[in-house]
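Beneath this line is the structure, given in structure tokens, with notes to follow.
The values are calculated or read from the model by the stated rules, or taken from the named source; none is laboratory data. For clarity, every value in this text was computed on a predicted model and none was experimentally measured. No Cβ is skipped: glycine too gets one built from the backbone with ideal geometry, and neighbour counts run over all protein chains shown. Side chains included, ligands, DNA and RNA excluded: accessible areas come from the protein's heavy atoms. Shrake-Rupley method; radii C 1.70, N 1.55, O 1.52, S 1.80 Å.
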Amino acid sequence: MDYPIDTIRDDFPILSAKTDSGAPMVYLDNAATSQKPSVVVDAIRTYYEETNANVHRGMHHLAEKATAEFEGAREAIAAFVGAPDARSVIFTRGTTESINLVAQAWGRKFLKAGDEVVLSIMEHHSNIVPWQMLAQASGVRLKYIPMLDDGSLDLEAYRALLQGPVKLVSVTHVSNALGTVNPIAEIISLAHEAGARILIDSAQGIPHGPVDVTALDADFLAFSAHKMCGPTGFGVLYGKEALLEVMDPFLGGGEMIHTVGLESSTWADLPYKFEAGTPNIAGAIVTRTAIAYLQGIGFDAIEKQVHDVTDYAVKALSRVEGLTLHGNPPERGGALAFNMEGLHPHDISQIINEEGIAIRAGHVCCQPLMERLGRPAIARASFYFYNTVEEVDRLVASLDTVKKIFRI
Ligand code: C6P
């Protein structure tokens with residue numbers, strides 16, 4: 001069966017929007033956040049119209065309904081990532097909070113001065129700054145896996161780094177800037193052979209294909225719902241139950257306690273020990289809807305469409321004179337980074353916006369990677385399963401306009 005691109009695009013009314021200049025919009029900023037299908041938007045409305053109540057607290061009809069849907073979402077998300085038990089699925093505000101949770105609740109307790117945490121040069125700031133904060137407080141040392149010129153991680157250098165006193169490796173599954181898909185199965189098993197724990201930042205991975213944390217033997221895995229058709233402000237930390245059990249809480253407050261006295265408290269069981277305060281109830285429930293929507297299309301079909309459109313874009317952009325496409329990794333997800341000689345990426349983004357094309361320009365929260373590329377900023381086009389090769393043609397045509405305006 002042909003890929004039903006028209007039906008899929010109809011699921012996203014925003015894709016037919018026009019920009020302020022009246023141009024039909026081409027949304028190529030999916031690595032920042034994906035668009036939401038009507039079924040997800042409707043689920044938000046339905047939740048607030050038919051279910052809204054706080055969870056785990058009340059004994060009335062709505063409280064029980066909200067709690068059942070909320071915990072049902074946890075079960076569904078656990079099954080989606082291959083977690084052996086829903087207790088190991090912690091709800092957070094997103095990838096950033098998930099990583100901070102591990103850095104504070106695991107790192108502060110189990111790492112000491114002189115221990116090493118290995119990151120990579122292509123990490124998003126969310127997977128650098130929390131470790132720097134930990135390092136400053138505890139004397140832990142940070143080491144970075146370098147990158148080869150093709151945009152892939154230098155695995156030989158990684159093996160060498162693992163000879164040190166490494167206690168944790170924390171790396172991205174897919175680069176949000178270059179689109180590099182890292183060989184996480186190999187990265188995980190090398191970390192384990194060296195006796196280190198591993199965290200995978202799958203913010204850009206899981207939206208494009210499911211991940212099985214059990215098969216991968218990941219210790220921790222973080223992702224955000226908003227990059228996979230779900231709502232903003234909701235995300236997940238998966239952690240092996242044995243690790244989560246011995247960690248101290250991250251935030252203190254309601255719901256995460258078992259008993260509270262005037263001087264001290266005891267902690268609730270998993271996963272609630274890490275979920276202080278009223279959670280994003282709608283976020284969890286609607287993320288389940290988003291996952292079901294993606295599964296309805298099929299991740300094989302999603303991956304193929306993103307791959308085909310990205311491949312087409314790589315070829316088309318390579319033909320644009322004066323354009324440098326960064327990296328050519330063996331496996332690439334749906335993001336491409338480029339520069340045009342003599343132009344700041346912000347100028348590119350602003351001018352093509354006049355023609356309706358939405359991309360991101362800047363350091364894309366990866367300043368160490370920008371340093372490695374020798375550029376202060378990049379232009380980034382990022383694709384999802386509702387993008388088309390015709391949209392890539394419009395991107396390329398709009399770059400011609402940029403060249404004409406700047407006479408290059
Ligand atoms: N990257 C981008 O435009 P949050 O903001 O917590 O949902 O996700 C943070 C994050 C962590 N890791 C990676 C690999 C990411 O790509 C992101 C978010 C967006 O590239 C917004 S900066």
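Is it true that some residue in the stretch 118-132 is in the same structural domain as Met228 (by TED's automatic domain parsing), in a strand (DSSP E or B), within 16 Å of the ligand (Cβ to nearest atom) and within 19 Å of the chain's Cα centre (by Cα)? Yes, the stretch 118-132 has at least one match. When residues in the stretch 151-165 are screened for being more than 16 Å from the ligand (Cβ to nearest atom) and open to solvent by less than 10 Å² (accessible area, probe 1.4 Å), 1 of them pass. Output yes when any residue across the stretch 251-259 is within 17 Å of Lys109 (Cβ to Cβ), away from the ligand (no atom under 16 Å from the Cβ), over 25 Å from the mean Cα position of the chain (by Cα) and among the hydrophobic types (A, V, I, L, M, F, W, C), and no when none is. Taking every residue of the stretch 251-259 in turn, at least one turns out to be within 17 Å of Lys109 (Cβ to Cβ), away from the ligand (no atom under 16 Å from the Cβ), over 25 Å from the mean Cα position of the chain (by Cα) and among the hydrophobic types (A, V, I, L, M, F, W, C).
Residue count for the stretch 18-42 satisfying the condition of being part of a loop (DSSP other than H, G, I, E, B), touching a Phe, Trp or Tyr at 6+ places or on another chain (Cβ under 9 Å) and either among the charged types (D, E, K, R) or open to solvent by 30 Å² or more (accessible area, probe 1.4 Å) (or both): 1.
Quick test for you: out of Asp393, Asp400, pick the one residue that is away from the ligand (no atom under 16 Å from the Cβ), surrounded by fewer than 17 Cβ atoms within 10 Å (Cβ to Cβ), farther than 30 Å from Thr7 by Cα and of a type in the set (D, E, K, R).
Details: Asp393 fails: farther than 30 Å from Thr7 by Cα.
One residue alone meets the criteria, Asp400.
Among the residues of the stretch 360-379, those that are open to solvent by less than 40 Å² (accessible area, probe 1.4 Å), farther than 17 Å from Gly322 by Cβ and either in a loop (DSSP other than H, G, I, E, B) or touching a helix residue (DSSP H, G or I) at 6+ places or on another chain (Cβ under 8 Å) (or both) comprise Gly362, Val364, Cys365, Cys366.
When Gly209, Gly205 are screened for being within 21 Å of the chain's Cα centre (by Cα), at pLDDT below 95 and either in the same structural domain as Ile291 (by TED's automatic domain parsing) or farther than 17 Å from Arg288 by Cβ (or both), only Gly209 passes. If you filter the stretch 80-110 down to residues that are assigned to a loop (DSSP other than H, G, I, E, B) and open to solvent by 10 Å² or more (accessible area, probe 1.4 Å), you find that the one that is nearest to the ligand (Cβ to nearest atom) is Arg93.
Of the residues that make up the stretch 273-291, is at least one in the same structural domain as Asp400 (by TED's automatic domain parsing), in a loop (DSSP other than H, G, I, E, B) and either at positive phi or open to solvent by 60 Å² or more (accessible area, probe 1.4 Å) (or both)? Checking the stretch 273-291: not a single residue is in the same structural domain as Asp400 (by TED's automatic domain parsing), in a loop (DSSP other than H, G, I, E, B) and either at positive phi or open to solvent by 60 Å² or more (accessible area, probe 1.4 Å) (or both).
Of everything in the stretch 247-263, what is open to solvent by less than 80 Å² (accessible area, probe 1.4 Å) and free of Cβ contacts under 8 Å to residues at least 60 places away in the same chain? Give them in sequence order. Of everything in the stretch 247-263, those that are open to solvent by less than 80 Å² (accessible area, probe 1.4 Å) and free of Cβ contacts under 8 Å to residues at least 60 places away in the same chain turn out to be Gly252, Gly253, Gly254, Met256, Ile257, Thr259, Gly261.
Going through the stretch 122-141 one residue at a time, which ones are open to solvent by 40 Å² or more (accessible area, probe 1.4 Å) and within 27 Å of Ala32 (Cα to Cα)?
His124, His125, Val129, Gln132, Met133
Could you tell me whether the stretch 114-132 includes any residue that is charged (D, E, K, R) and without any contact (Cβ under 8 Å) to a residue 40 or more places away in the chain? No, the conditions are met nowhere in the stretch 114-132.
Considered as a group, the residues in the stretch 1-17 that are in a helix (DSSP H, G or I) and of a type in the set (A, V, I, L, M) include one that is most open to solvent (accessible area, probe 1.4 Å), and that residue is Ile14.
Inspection of the stretch 341-354 identifies at least one residue that is more than 20 Å from Asn182 (Cβ to Cβ) and small (Gly, Ala, Ser).
Say whether the condition of being in contact (Cβ under 8 Å) with a residue 24 or more places away in the chain, open to solvent by less than 10 Å² (accessible area, probe 1.4 Å) and under 19 Å from Gly327 (Cα atoms) is met by at least one residue in the stretch 181-193. Yes, some residue in the stretch 181-193 is in contact (Cβ under 8 Å) with a residue 24 or more places away in the chain, open to solvent by less than 10 Å² (accessible area, probe 1.4 Å) and under 19 Å from Gly327 (Cα atoms).
When Thr33 is tested against (1) within 27 Å of Ala358 (Cα to Cα); (2) without any contact (Cβ under 8 Å) to a residue 40 or more places away in the chain; (3) not aliphatic (A, V, I, L, M), only condition (2) is not met.
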